[in-house]
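Written out below as structure tokens is the structure these notes cover.
The values are calculated or read from the model by the stated rules, or taken from the named source; none is laboratory data. Here the structure is a predicted model, which means the values were calculated and not measured. Heads up, the Cβs are rebuilt from the backbone with ideal geometry, glycines too, and the neighbour counts pull from every protein chain shown.
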Amino acid sequence: MKYRVGIDLGGTNIAAGIVDESCGIVSKGSVPTNQKGSSEEIISDIVQLVLQLLEERDLTMDEVQSIGIGVPGTANKENGFIEYANNLPFSHVPFARLLEEKLHKKTFFDNDGNAAAWGEFIAGAGRGKDCDSLIAVTLGTGVGGGIIVNRSIYRGTNYSAAEFGHMVIDYKGIPCNCGRNGCYEVYASATALINQAREAMNRNKNSALWKLCGEDISQVDGKIIFKGVHLKDITARQVAKNYIDYLAVGITNMINLFQPDILCIGGGISAAGSLFLEPLKNAVFSQVYSCTSQKQTDLVIAELGNDAGIIGAAFLEC
Ligand SMILES: [Zn+2]
């Protein structure tokens with residue numbers, strides 16, 4: 001059996017996995033990203049991690065078909081350079097080639113959001129479905145994602161498409177660190193939800209959210225907020241409703257632009273399941289453009305969690 005190696009290079013961690021032909025991860029591990037290190041040092045950490053995973057499974061590089069890596073930046077597939085990476089020393093580094101030279105194996109690379117969307121398409125939310133197009137949205141520190149059209153990753157003319165987080169939803173809104181005002185991620189990321197909850201808690205000292213976070217507001221996260229919703233806490237419910245209204249604006253925009261077969265949402269918040277998904281669906285499908293069409297985008301929770309990036313990267317060749 002041939003295996004593939006998938007690597008998800010993040011700003012905080014490097015995760016890697018050995019993936020079999022049926023998209024199952026047979027072995028995975030991670031190491032912290034050496035944020036202050038040079039690109040050579042980071043590449044060397046990746047090489048060590050991959051060799052260690054192979055050794056743990058008693059595998060050799062001969063049994064590996066190819067390697068793929070998702071990177072947090074613009075992955076120029078024409079020249080093999082990472083052209084722009086937030087917070088990592090990768091500006092104009094021929095990343096795939098350097099990795100290929102060290103591991104002596106054909107190496108493919110792409111943006112991490114694209115790799116995760118590809119993973120969901122082939123092995124997660126899109127698996128076994130009659131599906132040609134999929135949008136994957138990840139709610140984290142920002143709002144990231146990827147677009148699959150006609151069963152291929154859509155990258156745009158300069159490989160930096162699908163920056164959903166920087167779609168403006170209020171041009172007079174809150175400033176974003178990209179330089180524009182009112183970007184989607186300032187309202188709809190997991191970070192935004194937490195900020196909105198903290199503001200509401202400071203206005204409502206009786207909210208059950210205080211107890212749920214042990215009276216320590218720095219401990220508030222998405223899980224706690226939806227626990228509050230489950231307990232019918234009024235503040236938590238208002239926070240969640242307000243957040244889902246913002247989230248729905250961007251999701252509706254994406255559906256209006258692409259009308260994909262599937263739109264899947266990942267990130268920690270999506271663990272709240274139907275408490276989160278049902279109100280979101282109600283908000284989206286009451287305002288989506290073609291709301292009377294018989295066929296609608298299937299709006300679902302992503303299935304692979306953090307593994308999407310590893311599996312998608314492993315199959316970038318395909
Ligand atoms: Zn922005």
Report task. Return the residue satisfying two criteria in turn: it lies in segment 130-177 and is surrounded by fewer than 17 Cβ atoms within 10 Å (Cβ to Cβ) and of a type in the set (D, E, K, R), and of such residues it is farthest from Gly113 (Cα to Cα). Result -> Lys172
Query raised in the report: Hey, does segment 126-144 have a residue that's touching a residue at least 60 places away in the same chain (Cβ under 8 Å), among the acidic types (Asp, Glu) and in contact with a Pro (Cβ under 6 Å, 6 or more places away or on another chain)?
Result: no
Report task. Taking the options Ser152, Ser189, name whichever one is under 30 Å from Gly312 (Cα atoms), polar (S, T, N, Q) and within 13 Å of the ligand (Cβ to nearest atom). Result -> Ser189
Requested in this report: List every residue pair whose Cβ atoms sit under 8 Å apart, with the two residues 6 or more apart in sequence or on different chains, where the first one lies in segment 179-196 and is in a loop (DSSP other than H, G, I, E, B) and the second, anywhere, is of a type in the set (Val, Ile, Thr) and near the ligand (Cβ under 8 Å from one of its atoms).
Outcome: Arg180/Val168; Gly182/Val168
Report task. From the list Arg180, Arg127, pick out the single residue that is more than 16 Å from the ligand (Cβ to nearest atom), basic (Lys, Arg), surrounded by fewer than 16 Cβ atoms within 10 Å (Cβ to Cβ) and more than 17 Å from Met254 (Cα to Cα). Result -> Arg127
Query raised in the report: Just checking, which of Gln65, Gln52, Gln35 is at pLDDT below 95 and either surrounded by fewer than 19 Cβ atoms within 10 Å (Cβ to Cβ) or basic (Lys, Arg) (or both)?
Result: Gln35
Report task. Specify which of the listed residues (Gly165, Gly173, Gly119) is within 12 Å of the ligand (Cβ to nearest atom) and assigned to a helix (DSSP H, G or I). Result -> Gly165
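Tell me, please, whether a residue that is within 16 Å of the ligand (Cβ to nearest atom), closer than 17 Å to Leu280 by Cα and not assigned by TED's automatic domain parsing to the domain that holds Asn114 can be found in segment 223-246.
Yes - at least one qualifying residue is present in segment 223-246.
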Query - Criterion (in contact with a Ser or Thr (Cβ under 6 Å, 6 or more places away or on another chain), closer than 24 Å to Gly222 by Cα and among the aliphatic types (A, V, I, L, M)) met by exactly one of Ala188, Ala192, Ala200 - result: Ala200
Query raised in the report: Residues Asn195, Asn256: which one is over 22 Å from Ala117 (Cα atoms) and of a type outside the set (Ser, Thr, Tyr)?
Result: Asn195
Report summary line: Taking segment 139-149 and keeping residues within 16 Å of the ligand (Cβ to nearest atom) and part of a strand (DSSP E or B) leaves Leu139, Val143, Gly144, Gly145
